[in-house]
Amino acid sequence: MPDISVQFYATPKELFSFVKEAIDEFKLHAVAMQFRPFEARKVDQSFLDLCFSESSKFDRLYFTVMAPKFPIENEIDQANKNPDFLRLQIGKYKPESLEQSWLSCRTENKAVYDIWKKIANKLKKQTSQGVTSINRQTGVSAFYKSFRYTEGAKLLEQTGVIMLPPQGPNGPKIILGHTDMTP
């Protein structure tokens, strides 16, 4: 079963532009999800920008080629009713930090996979490759070329905004690009 997984850092403005362009170009449908309490909502053009605001409670978007089936009770129900989706975990921005975003899918539908692959390739063309991860306890660092970042994320980092890994502030320190931070 082919899959796509792109972990990256991008500003909300960059994410919004990327998503809007993909929806328009491929005529996609989108569902926004929030957790605790769970809510799934169809996304229209007027709601899309709210999904990327600092105050948004929605942290995942699911894209489908066909109109999504509702109601959706939870994330598993979404996957069962609307297979062959592309998921975007939205990395939240706060003035002091930017969370990692993640574009992913797994599908056996070749026609849909080809669309998702085009979108992932566009994302890769808009991002730079590689981050340096530093263990906060030992100081040991490693470079991961599979992680990506946008120019906007790099500019935020240069102004002191911390890049947060999925583990949050207690996870490894993330530096966009390659740096030699060995002890």
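Considering only Cα atoms, the convex hull volume of the stretch 57-97 works out to 85 Å³ per residue. Put a dot 7 Å past the Cα of Lys154, heading toward its Cβ, do the same for Lys69, and the two dots end up 4.5 nm apart. Loop exposure criterion: GluC sites (Glu not before Pro), DSSP state outside H, G, I, E and B, at most 12 other Cβ atoms within 10 Å. Applied to the chain, the longest stretch between such sites is 109-183. With the gyration tensor restricted to C-alpha atoms of the stretch 124-166, the semi-axes of the equivalent ellipsoid amount to 20, 14, 7 Å, longest first.
Just the number, please: carbon plus sulfur as a percent of the accessible area of the chain, 1.4 Å probe, no ligands or DNA/RNA counted. So the carbon and sulfur contribution to the accessible surface is 53 percent.
Both radii are taken from the alpha-carbon atoms of the stretch 1-112; with Rh as the Kirkwood radius, Rg/Rh is 0.94. Among beta bridges identified by DSSP and lying wholly in the chain, the antiparallel ones come to about 90 percent. Among the chymotrypsin sites (Phe, Trp or Tyr not before Pro) in the stretch 115-183, none is located in a DSSP loop while being surrounded by at most 11 other Cβ atoms within 10 Å of its own Cβ.
The residues of the stretch 29-183 have, on average, 57 Å² of accessible surface per residue, using a 1.4 Å probe with all protein chains present. Give me the log10 of I(q) over I(0) for the stretch 37-81 at q = 0.19, 0.32 Å⁻¹, as the Debye formula computes it from C-alpha points; what are the numbers? So the normalised log intensities work out to -0.64, -1.35.
Note on the chain: helix-only mean residue ellipticity at 222 nm, from DSSP H runs of 4+ residues weighted -39500 (n - 2.57) and normalised by residue number, equals -8500 deg cm²/dmol. Loop-located trypsin sites (Lys or Arg not before Pro) in the stretch 108-172 (DSSP state other than H, G, I, E, B) with a sparse environment of at most 16 neighbouring Cβ atoms within 10 Å: Arg136. In the chain, a dipole from Cβ-located charges (positive for Lys and Arg, negative for Asp and Glu) runs towards its positive end, and of Cys105, Ala10, Val65 it is Cys105 whose Cα lies farthest in that direction. About its Cα centre, the dipole of the chain is roughly 220 debye, where the only charges are +1 on Lys and Arg Cβ and -1 on Asp and Glu Cβ. Between the stretch 1-48 and the stretch 59-118, the alpha-carbon centres lie 7 Å apart. If R0 is taken as 35 Å, the Cβ-Cβ distance between Glu25 and Glu96 corresponds to a FRET efficiency of 0.55. For the stretch 75-183, the ratio of Cα radius of gyration to the globular rule of thumb 2.2 N^0.38 Å stands at 1.24.
The values are calculated or read from the model by the stated rules, or taken from the named source; none is laboratory data. Just so it is clear, the structure is predicted and the values come from calculations on it, not from any experiment. Cβ: placed from backbone, ideal geometry, glycine included. Neighbour counts: every protein chain shown. Surface areas here come from the heavy atoms of the whole protein model, side chains and all, with no ligands, DNA or RNA. Shrake-Rupley method; radii C 1.70, N 1.55, O 1.52, S 1.80 Å.
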